[in-house]
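Engineer: Quick one: the structure is below, questions incoming.
The values are calculated or read from the model by the stated rules, or taken from the named source; none is laboratory data. Since this is a predicted model, take the numbers as computed values, not measurements. As a convention, Cβ positions derive from the backbone with ideal geometry for all residues, glycine included, and neighbour counts pool all protein chains shown. SASA here: full protein model, heavy atoms, side chains in, ligands and nucleic acids out. Shrake-Rupley method; radii C 1.70, N 1.55, O 1.52, S 1.80 Å.
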Amino acid sequence: MPTTKRRWTDVQWLWNQDASRDLLLAIHPPNYIVLWNADTGTKLWKKSYADNILSFSFDPFDPSHLTLLTSEGIVFISDFSPSKPPSGPGKKVYISSPHSSPAHNKLAAATGAKKALNKVKILITQEKPSAEFITLNDCLQLAYLPSKRNHMLLLYPREILILDLEVNQTVGVIAIERTGVPFLQVIPCFQRDGLFCLHENGCITLRVRRSYSSIFTTSNEEPDPDPVQELTYDLRSQCDAIRVTKTVRPFSMVCCPVNENAAALIVSDGRVMIWELKSAVCNRNSRSSSSGLSPLYSPVSFCGIPGGILQNKLPDLSLDNMIGQSAVAGEEHPKGSVLQEVQLKFLLTGLLSGLPSPQFAIRMCPPLTTKNIKMYQPLLAVGTSNGSILVYHLTSGLLHKELSIHSCEVKGIEWTSLTGFLSFATSTPNNMGLVRNELQLVDLPTGRSIAFRGERGNDESPIEMIKVSHLKQYLAVVFKDKPLELWDVRTCTILREMSKNFPAITALEWSPSHNLKSLRKKQLATREAMARQTVVSDTELSVVESSVISLLQEAESKSELSQNISAREHFVFTDNDGQVYHLTVEGNSVKDSARIPPDGSMGSITCIAWKGDTLVLGDMDGNLNFWDLKGRVSRGIPTHRSWVKKIRFAPGKGNQKLIAMYNDGAEVWDSKEVQMVSSLRSGRNVTFRILDVDWCTSDKVILASDDGCIRVLEMSMKSTCFRMDEQELTEPVWCPYLLVPRAALALKAFLLHQPWNGQYSLDISHVDYPENEEIKNLLQEQLNSLSNDIKKLLLDPEFTLLQRCLLVSRLYGDESELHFWTVAAHYLHSLSQEKAVSTPVVKEAVPRDRVNNPLDICYDVLCENAYFQKFQLERVNLQEVKRSTYDHTRKCTDQLLLLGQTDRAVQLLLETSADNQHYYCDSLKACLVTTVTSSGPSQSTIKLVATNMIANGKLAEGVQLLCLIDKAADACRYLQTYGEWNRAAWLAKVRLNSEECADVLKRWVDHLCSPQVNQKSKALLVLLSLGCFSSVAETLHSMRYFDRAALFVEACLKYGAIEVSEDTEKLISAIYADYARSLKNLGFKQGAVLFASKAGAAGRDLLNELESPKQELTD
């Protein structure tokens, strides 16, 4: 996708539709929203708005609803669709900032939050507030609550406001005390009504909604004289803060979307801190009730199924397995159930440290060769501005070692071996231009560092560069205003300090040629001669020769150390005039070999690189001069790129590519062909400036840049990505997506269909999976990387199929499967509970018991009707308490009438003041509501009026009248006809009996499955909540979800949820046969045989095909 000069301010995947998994919605500043297909990089549509868009949020319960936070206020879009851009400008409303309310000054008091909540009368208005009442930029974030429908939060630095969008009113506030640390970001949870909050000091807090028992009032009862005034979120856990400085501050936070039990904090210095939430059972001394908080209890069920105390559980698996839903839904606890009070705490389980702020000096370790292949590690040393050196392992991407060696900025690094390097740093110059030079020799395995130049280094001219010779024997140290020093790297001794009249050096490079091979031949000849002279007789030959050779080797190593034997090496350098000098170093002798006069076409030489027979020089004016030493020809190329700061050849025999670094970027050249391969220019195709360059391998370059990053790029220097399966991990990690897709799906089947051959095992070697051994080993590695707690669950015979499906969907991070199996487990278990009860007396109590352990309210209309009704009553109670204007009162009245709370609705209607223009209508409406119970002609009249109203565009009013005469089923039908599908489902849940409700929801399912809507995943969940299990299996099969369909059928047969008939038998056989085929395609033969045998006639041919190779082998 093309990048823009201005960065995207918000971006989100479109997860809530089945058409494509690759759709991405982005804000392109200042005022565009654009839908992209991220797979193909094509722009699907673009829409502009009047105001600057800051961020957006999708309604998790209705994918057609999108809300934009703009510089002026909020824009509600109700017709979002992937197929076309929204039609109109959306509904624009304005925010009255809480800071402008008189209550803001009272937030510090203990009861300040309650007072503030009552004072903030209208938070969302249609009219633009006056200038003194509005500070819109204070609003940091806007987000829908995924835990309950039509609730939104607005984040301000010192408070979080919870809005009920049905009445556009604040129903909860989380205020920070005066001394508290302001908010930066908030992530609302789905599984429980909780909030992960990030504060300015890097502290992450978890707040969970307080539970209230007996909050509900049943139909037509007097409301509680002191009802709950607001939604209260209690602080339940917080992690440690970070040390915030001018450059170090928390940047952002993300939460695990599947388990909601871990948060990762990204810090501006590049650190990533992973905080995991852990639960612990409270002892009596540490009860939270002593701190004034209501207790948190562990859930009754684990992985969707209620179990006893002895059941194997893993409470830290996810948030909904840590905290029971009764803690957040306002439910009474089930009688007779043993509840354990729990406390939550954050634990730091991961830390990735980033790079400090630039400057950087980088150097890759010596290249991989056939000789060092066994001990080679691809290490990159990075010198930093604070004096430390970070060594990164490039195939794992992780920090290998951090060494604090210098007290000032590191200017250069040179490796002396695969495990050691030299680094130099220079302090800030004094008024005489003198500095403190630090040159350290570091041994990487031990971390030992020694001052290479001993006591030297104080008050001298700064070191400009250091260069280690090709054989790592010698070191040249070049100073700004001081003659060259030559050192022996092996003994840390100085060989020669040049005289004062030695020319000033502008560039220096060692030659790759040396006489080591001829030296070794001489040594070998000498050794053989000595061995021959000392031989007495043939019989003693072998003993004598071996002892002599060992003595020689010992002498050789000693002589090398004392420098009696040293290979001859060469280096070249240039002076200020551009003259090239060639010097030879052997032992402690330095000889001047040749001088080459300056090239008139070149300016002052700044750098030299030498490989094989090619020498390349770069100058101040951006010219590159290629010398062919064998052919004795040179060729100058003007690059018009200003100062050539560095040239480095790529490693590898015969590889003549080089990288040149300029003030404004870098270029890769082929010195053989003398032509440019690729170019990178700051300000043109990248925004960053390059600080240093090197080669990672023979075809990959490393760039250090001033945006604080180090990039490993292909030779083309285009943006690059790193394949995870190429990454060398330091320890095994559970991530099935590192496997090839076929193997990942086979592993999933292996985990799901335990036991194999009658035994529970996590050893895949016993399973008939005829893939190559390497893939089988990778599968076993993945299984071994699972935690012991997870392994214990997977091997537990008491762990049911439904629980296994839920656990595996969590392990694979599959949110679609997770929601499916959560709802399936709940309703299949409920069905088995109802079947288990035989006496009629207890049968009546079953629905009530189901409400004691209901489906979480985050599943909204999928919950049991009785529980859903109770939740809606609680909500309307809260709306009633919060009403501050006539409009709010009217909305509450409408809700109460739809919920059947007629007496309370009449009370509100009679509150209308006489000077209100609606006074007469409301009075008549109150009379109508109280007398409507009389049957006969009045009902038919009301029905006629209602249908006329609906026909004339007054849908809400007509529906209300139909509900008054108990014609809610007709009302739902009208709502569905006019496209109000969600409203119809809501009304069916709160007003209709189970049969009528099922009819309404089945029509909704047909609508969701239609091609223009294409939300079959949601339709599946609705069918599960209705208990239409055979329809679910059929839909899964039609969607080609063969694995899920087969497992679901198995679970249904286990629970007796599908009535076996001729039609269902055909369906089950088809599902099993298709699943067997898909397992065969995955190469999972044993699983394919298992399901082909279950498929009966439909799988017979496949079974014969699978078993025929076995027969051939036995024959």
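Engineer: Can you say whether Gly308 is at pLDDT below 80, open to solvent by 50 Å² or more (accessible area, probe 1.4 Å) and not in a helix (DSSP H, G or I), as far as the supplied structure shows? Please lay out each step first, then the result.
Structural biologist: Numbers: at pLDDT below 80: yes; open to solvent by 50 Å² or more (accessible area, probe 1.4 Å): no; not in a helix (DSSP H, G or I): yes.
When the stated conditions are applied, Gly308 does not pass them.
Engineer: Within the stretch 540-551, does at least one residue satisfy the condition of being of a type in the set (A, V, I, L, M), modelled with pLDDT under 70, crowded, with 17+ Cβ neighbours inside 10 Å and more than 27 Å from Gly603 (Cα to Cα)?
Structural biologist: Of the stretch 540-551, the ones of a type in the set (A, V, I, L, M) are 541, 543-544, 548-549, 551.
Subset that is modelled with pLDDT under 70: 541, 543-544, 548-549, 551.
Filter once more, keeping what is crowded, with 17+ Cβ neighbours inside 10 Å: 548.
Then keep just the ones that are more than 27 Å from Gly603 (Cα to Cα); that gives 548.
The answer is yes; a qualifying residue exists.
Engineer: Hey, another quick one. Taking the stated definitions as given, is Glu438 within 26 Å of Leu617 (Cα to Cα), in a strand (DSSP E or B) and in contact (Cβ under 8 Å) with a residue 12 or more places away in the chain? If you could, list the steps in order and put the result at the bottom.
Structural biologist: Working: within 26 Å of Leu617 (Cα to Cα): no; in a strand (DSSP E or B): yes; in contact (Cβ under 8 Å) with a residue 12 or more places away in the chain: yes.
Here the answer is no, as Glu438 does not meet what is asked.
Engineer: Mind listing whichever residues of the stretch 442-479 are among the charged types (D, E, K, R), open to solvent by 50 Å² or more (accessible area, probe 1.4 Å) and within 19 Å of Ile413 (Cβ to Cβ)?
Structural biologist: As a first pass, look at the stretch 442-479 and keep what is among the charged types (D, E, K, R): 443, 448, 453, 455-456, 459-460, 464, 467, 472.
Subset that is open to solvent by 50 Å² or more (accessible area, probe 1.4 Å): 443, 448, 455-456, 459, 464, 472.
Scanning the stretch 442-479 gives Asp443, Arg448, Glu464, Lys472.
Engineer: Which pairs have Cβ atoms under 7 Å, sit 6 or more apart or on different chains, and link a residue in the stretch 350-367 that is within 29 Å of Cys239 (Cα to Cα) and open to solvent by 20 Å² or more (accessible area, probe 1.4 Å) to one that is acidic (Asp, Glu) and at pLDDT below 90?
Structural biologist: Listed pairs, sorted by first residue: Gly354/Asp269; Pro356/Asp269.
Engineer: Give the number of residues within the stretch 750-767 that are under 21 Å from Asn1081 (Cα atoms) and either in a loop (DSSP other than H, G, I, E, B) or free of Cβ contacts under 8 Å to residues at least 60 places away in the same chain (or both). Lay out the reasoning, then the answer.
Structural biologist: Our first condition is that a residue be under 21 Å from Asn1081 (Cα atoms); within the stretch 750-767, this holds for 750-754, 756, 764-767.
Those still in the list that are either in a loop (DSSP other than H, G, I, E, B) or free of Cβ contacts under 8 Å to residues at least 60 places away in the same chain (or both) too: 753-754, 764-767.
Total satisfying the criteria: 6.
Engineer: Give just the number: which of (1) among the polar types (S, T, N, Q); (2) closer than 28 Å to Leu379 by Cβ; (3) surrounded by 19 or more Cβ atoms within 10 Å (Cβ to Cβ) does Thr491 not satisfy?
Structural biologist: (3)
Engineer: Also, I was wondering about something else. Among what's in the stretch 385-412 and is under 31 Å from the mean Cα position of the chain (by Cα) and within 17 Å of Ile463 (Cβ to Cβ), pick the residue that is modelled with the highest pLDDT.
Structural biologist: Ile389
Okay, residues lined up against (1) in contact with a Pro (Cβ under 8 Å, 6 or more places away or on another chain); (2) within 24 Å of Asn655 (Cα to Cα); (3) assigned to a loop (DSSP other than H, G, I, E, B):
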site	(1), (2), (3)
Lys672	no, yes, yes
Ser678	no, yes, no
Arg681	no, no, no
Arg684	no, no, yes
Asp692	no, yes, no
Trp695	yes, yes, no
Leu703	no, yes, no
Arg711	no, yes, no
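Engineer: Select from the stretch 393-441 the residues that are open to solvent by less than 40 Å² (accessible area, probe 1.4 Å) and among the acidic types (Asp, Glu) and write down the one among them that is nearest to Leu380 (Cα to Cα).
Structural biologist: Among those residues, the one meeting the criterion is Glu414.
A quick yes/no check of all residues on (1) in contact with a helix residue (DSSP H, G or I) (Cβ under 8 Å, 6 or more places away or on another chain); (2) among the β-branched types (Val, Ile, Thr); (3) open to solvent by 40 Å² or more (accessible area, probe 1.4 Å); (4) assigned to a strand (DSSP E or B):
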residue: His582; (1), (2), (3), (4): no, no, yes, yes
residue: Asp592; (1), (2), (3), (4): no, no, yes, yes
residue: Arg595; (1), (2), (3), (4): no, no, yes, yes
residue: Gly600; (1), (2), (3), (4): no, no, yes, no
residue: Gly618; (1), (2), (3), (4): no, no, no, yes
residue: Gly654; (1), (2), (3), (4): no, no, yes, no
residue: Val668; (1), (2), (3), (4): no, yes, no, yes
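Engineer: Only one of (1) more than 17 Å from Pro378 (Cβ to Cβ); (2) buried (at least 22 other Cβ atoms within 10 Å of the Cβ); (3) of a type outside the set (Ser, Thr, Tyr) fails for Val701. Which number is that?
Structural biologist: Looking at each condition in turn, Val701 falls short on (1).
Engineer: Would you pick out the residues in the stretch 719-736 that are open to solvent by 70 Å² or more (accessible area, probe 1.4 Å) and in contact (Cβ under 8 Å) with a residue 12 or more places away in the chain? Let's see the steps before the verdict.
Structural biologist: As a first pass, look at the stretch 719-736 and keep what is open to solvent by 70 Å² or more (accessible area, probe 1.4 Å): 719, 721-726, 728-732.
Phe722, Met724, Asp725, Glu726, Glu728, Leu729, Thr730, Pro732, listed by residue number.
Engineer: Also: Among the candidates Asp613, Asp577, single out the residue that is under 22 Å from Phe479 (Cβ atoms) and either open to solvent by 10 Å² or more (accessible area, probe 1.4 Å) or among the acidic types (Asp, Glu) (or both).
Structural biologist: On the way: Asp613 fails: under 22 Å from Phe479 (Cβ atoms).
Being under 22 Å from Phe479 (Cβ atoms) and either open to solvent by 10 Å² or more (accessible area, probe 1.4 Å) or among the acidic types (Asp, Glu) (or both) holds for just one of Asp613, Asp577, which is Asp577.
Engineer: Only residues in the stretch 165-179 that are in contact (Cβ under 8 Å) with a residue 40 or more places away in the chain and more than 20 Å from Pro146 (Cβ to Cβ) count as the first member; pair them with residues that are assigned to a loop (DSSP other than H, G, I, E, B) and not hydrophobic (A, V, I, L, M, F, W, C), Cβ under 6 angstrom, at least 6 apart or cross-chain, and list the lot.
Structural biologist: Taking only residues 6 or more apart or on different chains, the pairs are Ile176/Arg158.
Engineer: Quick one: what pairs do we get from the stretch 180-206, first residue farther than 20 Å from Asp59 by Cβ and free of Cβ contacts under 8 Å to residues at least 24 places away in the same chain, second open to solvent by 10 Å² or more (accessible area, probe 1.4 Å) and basic (Lys, Arg), C-beta under 8 Å, 6+ apart or different chains?
Structural biologist: From the stretch 180-206, the pairs are Gly180/Arg158.
Engineer: Before we move on, is Pro157 at pLDDT 65 or above, open to solvent by 10 Å² or more (accessible area, probe 1.4 Å) and under 17 Å from Val208 (Cβ atoms)? It would help to see each step written out before you state the result.
Structural biologist: Numbers: at pLDDT 65 or above: yes; open to solvent by 10 Å² or more (accessible area, probe 1.4 Å): yes; under 17 Å from Val208 (Cβ atoms): no.
Answer is no for this residue.
The rows are residues; the columns are (1) open to solvent by less than 80 Å² (accessible area, probe 1.4 Å); (2) more than 28 Å from Arg149 (Cα to Cα); (3) aliphatic (A, V, I, L, M); (4) modelled with pLDDT of 90 or more.
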| residue | (1), (2), (3), (4) |
| --- | --- |
| Gln917 | no, yes, no, yes |
| Thr931 | no, yes, no, no |
| Gln939 | yes, yes, no, no |
| Ala984 | yes, no, yes, yes |
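Engineer: Name the single residue, out of those in the stretch 160-181 being β-branched (Val, Ile, Thr) and touching a strand residue (DSSP E or B) at 6+ places or on another chain (Cβ under 9 Å), that is most open to solvent (accessible area, probe 1.4 Å).
Structural biologist: Restricting attention to the stretch 160-181, the residues satisfying the condition of being β-branched (Val, Ile, Thr) are 160, 162, 167, 170-171, 173-174, 176, 179, 181.
Next, only the ones that are touching a strand residue (DSSP E or B) at 6+ places or on another chain (Cβ under 9 Å) stay: 160, 162, 170-171, 173-174, 176, 181.
Values: Ile160: 0, Ile162: 1, Thr170: 1, Val171: 1, Val173: 20, Ile174: 7, Ile176: 15, Val181: 52 Å².
Applying the filter and picking the extreme gives Val181.
Engineer: For the stretch 1041-1087, give me the residue count where each residue is in a loop (DSSP other than H, G, I, E, B) and either in contact (Cβ under 8 Å) with a residue 24 or more places away in the chain or within 36 Å of the chain's Cα centre (by Cα) (or both). Give the derivation first.
Structural biologist: The first filter runs over the stretch 1041-1087 and keeps only residues in a loop (DSSP other than H, G, I, E, B), leaving 1041, 1056-1061, 1082-1084.
Within this subset, residues satisfying the condition of being either in contact (Cβ under 8 Å) with a residue 24 or more places away in the chain or within 36 Å of the chain's Cα centre (by Cα) (or both) are 1041, 1056-1059, 1082-1084.
The qualifying residues number 8.
Engineer: A further question on this structure: Identify, from the list Glu864, Glu911, the residue that is of a type in the set (D, E, K, R), surrounded by fewer than 21 Cβ atoms within 10 Å (Cβ to Cβ) and under 30 Å from Leu1023 (Cα atoms). Step through it out loud before you land on a result.
Structural biologist: Details: Glu911 fails: under 30 Å from Leu1023 (Cα atoms).
When all the criteria are applied, what remains is Glu864.
Engineer: Which one is nearest to Asp193 (Cα to Cα), of the residues in the stretch 322-356 that are in a helix (DSSP H, G or I) and modelled with pLDDT under 85?
Structural biologist: Here is the first cut: in the stretch 322-356, the ones in a helix (DSSP H, G or I) are 322, 326-329.
Filter once more, so that each one left must be modelled with pLDDT under 85: 326-329.
On the way: Ser326: 11, Ala327: 9, Val328: 6, Ala329: 8 Å.
By that ranking, first place goes to Val328.
Engineer: Restricting to the stretch 868-897, name every residue that is open to solvent by less than 40 Å² (accessible area, probe 1.4 Å) and either outside any helix (DSSP H, G or I) or free of Cβ contacts under 8 Å to residues at least 40 places away in the same chain (or both).
Structural biologist: Of everything in the stretch 868-897, those that are open to solvent by less than 40 Å² (accessible area, probe 1.4 Å) and either outside any helix (DSSP H, G or I) or free of Cβ contacts under 8 Å to residues at least 40 places away in the same chain (or both) turn out to be Val876, Thr889, Thr893, Leu896.
Engineer: Any residue in the stretch 687-710 that is among the basic types (Lys, Arg) sitting within a Cβ distance under 8 Å of a residue that is assigned to a strand (DSSP E or B)? List the pairs, counting only those 6 or more apart or interchain.
Structural biologist: From the stretch 687-710, the pairs are Arg689/Ser682; Arg689/Ser705; Lys700/Val712; Lys700/Leu713; Lys700/Glu714.
Engineer: Name the residue that is nearest to the chain's Cα centre (by Cα), counting only residues in the stretch 444-487 that are hydroxyl-bearing (Ser, Thr, Tyr) and outside any strand (DSSP E or B). Let's see the steps before the verdict.
Structural biologist: So the first thing to find is which residues in the stretch 444-487 are hydroxyl-bearing (Ser, Thr, Tyr), and the list is 446, 449, 461, 469, 474.
Those still in the list that are outside any strand (DSSP E or B) too: 446, 461, 469.
Numbers: Thr446: 35, Ser461: 49, Ser469: 45 Å.
Per the stated criteria, the residue is Thr446.
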